[in-house]
Amino acid sequence: MIDTPEYRQLRAIMVETQLQDRGITDPRVLEAMRRVPRHEFVAPGDERVAYADRALPIGYGQTISQPYMVALMCQLLDVAPHHKVLEVGGGSGYQAAILAQLAARVISIEIVPELVLRAQGVLSRLGYTNVEVIQGDGTLGYGPEAPYDRIIIAAAAPDIPPPLVEQL
């Protein structure tokens, strides 16, 4: 897929109307959201609605989060350029790509093997070298890279898993 002027314009509109107009103020998050081509991370056939203000299905009962939620979570995470971030529930790899614009290193854990392969492929094709996508149970965290400066959980969980607290 190619990042066309049309997609760049849709991203700019998304940032202005869905993010800035709703209180996202972190300039680094806004710039990351302007740069990352969300249409590359959606399911085939959904590219035209990639910049809509909603979550989209990516298969296997999973979704790519609404752009506003991604931006809000990243803003609240307050990532510095030197941070190492653990993302639990990597899905399509979109939020990992946003985080890669903000952090020195991102470890993303996804439980669905097919989504791991797809995210690895897209991130690699787009040139992200500071992101590693790992297949596994995110409730266990990822000990080999611990400790983390920030941990973000993009998957549903009834409680904060103790291993994540220990790895922070």
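The values are calculated or read from the model by the stated rules, or taken from the named source; none is laboratory data. Bear in mind the structure is a predicted one, so any value in this text is a computation, not a measurement. Here the Cβ positions follow ideal geometry from the backbone for every residue, glycine too, while neighbour counts run over all protein chains shown. Areas reflect the complete protein model, heavy atoms only, side chains present, ligands, DNA and RNA absent. Shrake-Rupley method; radii C 1.70, N 1.55, O 1.52, S 1.80 Å.
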Does segment 101-124 include one or more residues that are surrounded by fewer than 16 Cβ atoms within 10 Å (Cβ to Cβ), polar (S, T, N, Q) and closer than 24 Å to residue 29 by Cα?
-> yes
Among all residue pairs at least 6 apart or on different chains, which show Cβ distances below 8 Å where the first residue, located in segment 49-62, is farther than 21 Å from residue 116 by Cβ and the second is hydrophobic (A, V, I, L, M, F, W, C) and outside any loop (DSSP other than H, G, I, E, B)?
-> 49/56; 51/10; 51/13; 51/14; 53/14
Restricted to segment 152-166, and to residues that are at pLDDT 90 or above and surrounded by 18 or more Cβ atoms within 10 Å (Cβ to Cβ), which residue is nearest to residue 42 (Cα to Cα)?
-> 152
Filtering segment 132-142 down to residues that are touching a helix residue (DSSP H, G or I) at 6+ places or on another chain (Cβ under 8 Å), at pLDDT below 95 and either among the aliphatic types (A, V, I, L, M) or loosely packed, with under 14 Cβ neighbours inside 10 Å (or both) yields 140
Flagged in segment 15-39 as charged (D, E, K, R) and open to solvent by 20 Å² or more (accessible area, probe 1.4 Å), in numbering order, are 16, 21, 22, 26, 28, 31, 34, 35
Can you tell me which residue in segment 43-75 is least open to solvent (accessible area, probe 1.4 Å), limited to those that are of a type outside the set (Gly, Ala, Ser) and in a loop (DSSP other than H, G, I, E, B)?
-> 51
From the list 78, 149, pick out the single residue that is open to solvent by 50 Å² or more (accessible area, probe 1.4 Å), in contact (Cβ under 8 Å) with a residue 60 or more places away in the chain and under 20 Å from residue 25 (Cα atoms).
-> 78
Contact list, first residue from segment 31-45 and under 13 Å from residue 8 (Cα atoms), second anywhere and assigned to a loop (DSSP other than H, G, I, E, B) and at pLDDT below 95, beta-carbon distance below 6 Å, six or more apart or interchain, is 37/3; 40/1
